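The values are calculated or read from the model by the stated rules, or taken from the named source; none is laboratory data. Computed from a predicted model, the values in this text were never measured in an experiment. For neighbour counting, all protein chains shown are included, and Cβ atoms are generated from backbone atoms with ideal geometry for every residue, glycine included.
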Amino acid sequence: MKNDGSSANQHVLAFYSRHPISRDQILARIAAQRGHLDALVPEDLFAHDQDHYGGLDVVDALADRAGIGPGTRVADFCAGLAGPARYLAHRYGALVTCIELNPDRAPGAADLTQRVGLSGRVRVVRGNVMRVPLASGSVDAVISQEALLHVPDKGAVLAEAFRVLAPGGRLAFTDWAEHRPLAAEDRDAMWKGIAAQTIQSFDGYRRLIEAAGFRDILIEDLTADWGRILAQRFDMYRRLREETLRAGTPSGDDAFYTAYARLVELVQSGALGGGRFVATRGAHPAANV
Ligand SMILES: C[S@@+](CC[C@H](N)C(=O)[O-])C[C@H]1O[C@@H](n2cnc3c(N)ncnc32)[C@H](O)[C@@H]1O
């Protein structure tokens, strides 16, 4: 399989359709703990529905950087099962629209949201963040977490973020980023194992964010935090290898396992890291101000 055009989406879609964080898995875990699924509240989901590094604390950090509070209209690009969206709606009173491409995850996100009574404040739209199905100037904040590595044209995503934001709106997202260019075989391993279409450099992201028209760009290096989390996760994957192989989830795949081992090495050697990228929407670039 090659990282080119038509097959690319299929690989990303298949990766998340087999992902262990799924609606059914979440409900099965909660049912096992509580004995039933009646009268679920958002807090019942939070330990299970966040598909990024750092749990709710890092959603708080994004909310802070993006200025999210009561009534803030937020678009979550690549929203997964809408875990961060429900947290932002429940804890901060935000109104969140989730953009999620995967045909299993989008309805899963909507179902979980409805079960905890947040459908009035969290809307799930199945769509691609390279062509966002939202009106121009319709949101106050765009967020995204650990997802843009799966999207081939990050310039298009950032242009869409700029378009859907109202003037003065905030962009805040986290993603993998290179400190040093990866070798071709490492890129290939990241594509095959974790469906990373392209990984930007920190500087490359700054240039793309600027080119999209944003100003006041702030980049926070999260590499040390992610390195610790990654090493813990890899230990867990090692321990659960037999179980994941039987369950058929991606973390049982040889390609995933190889990529993850290499990911840990790349992060620990300082070649690869994570960043939080924050910026403000000024005027449209065509206005040249
Ligand atoms: C690591 S998960 C992150 C989910 C969520 N942000 C969270 O933190 O819980 C990445 C998500 O991006 C979605 N995705 C990948 N490519 C996409 C695209 N082009 N448009 C919209 N969603 C996409 C995947 O289906 C997956 O659910």
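Key figures
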item: Count of residues meeting criterion [touching a residue at least 40 places away in the same chain (Cβ under 8 Å) and under 19 Å from the mean Cα position of the chain (by Cα)] in segment 113-129; result: 3
item: Cβ pairs under 7 Å, 6+ apart, first in segment 68-87 and within 12 Å of the ligand (Cβ to nearest atom), second charged (D, E, K, R) and part of a helix (DSSP H, G or I); result: GLY80/ARG105; LEU81/ARG23; LEU81/ARG105
item: Those residues of segment 127-146 which are among the aliphatic types (A, V, I, L, M) and more than 7 Å from the ligand (Cβ to nearest atom), in sequence order; result: VAL132, LEU134, ALA135, VAL139, ALA141, VAL142, ILE143
item: Qualifying residue in segment 25-39 (condition: farther than 22 Å from ASP175 by Cβ, outside any loop (DSSP other than H, G, I, E, B), within 14 Å of the ligand (Cβ to nearest atom) and polar (S, T, N, Q)); result: yes
item: Qualifying residue in segment 4-14 (condition: modelled with pLDDT under 95, within 23 Å of LEU158 (Cα to Cα), more than 15 Å from the ligand (Cβ to nearest atom) and surrounded by fewer than 16 Cβ atoms within 10 Å (Cβ to Cβ)); result: yes
item: Among residues of segment 205-218, those that are touching a residue at least 12 places away in the same chain (Cβ under 8 Å) and surrounded by fewer than 16 Cβ atoms within 10 Å (Cβ to Cβ), counted; result: 5
item: Every residue from segment 55-98 that is among the aliphatic types (A, V, I, L, M), farther than 17 Å from PRO42 by Cα and outside any strand (DSSP E or B); result: VAL58, ALA61, LEU62, ALA63, ALA66, ILE68
item: Enumeration of residues in segment 90-112 that are surrounded by 24 or more Cβ atoms within 10 Å (Cβ to Cβ), away from the ligand (no atom under 11 Å from the Cβ) and either of a type in the set (Gly, Ala, Ser) or without any contact (Cβ under 8 Å) to a residue 24 or more places away in the chain (or both); result: ALA94
item: Index of the failed condition, ASP188 passing every other in (1) within 16 Å of the ligand (Cβ to nearest atom); (2) at pLDDT below 95; result: (1)
item: Number of positions in segment 43-65 that are away from the ligand (no atom under 13 Å from the Cβ) and under 14 Å from the mean Cα position of the chain (by Cα); result: 0
item: Residue list for segment 248-264, restricted to those being out of contact with any Leu (no Cβ under 9 Å at 6 or more places or on another chain) and assigned to a helix (DSSP H, G or I); result: PRO250, ASP254, ALA255, PHE256, TYR257, THR258, ALA259, ALA261, ARG262
item: Positions within segment 245-262 being farther than 19 Å from HIS11 by Cα and within 22 Å of the chain's Cα centre (by Cα), in sequence order; result: ALA261, ARG262
item: Criterion (of a type in the set (Asp, Glu), surrounded by fewer than 22 Cβ atoms within 10 Å (Cβ to Cβ) and more than 22 Å from VAL74 (Cα to Cα)) met by exactly one of GLU146, GLU178; result: GLU178
item: Tally, over segment 15-46, of residues that are surrounded by 14 or more Cβ atoms within 10 Å (Cβ to Cβ) and among the hydrophobic types (A, V, I, L, M, F, W, C); result: 8
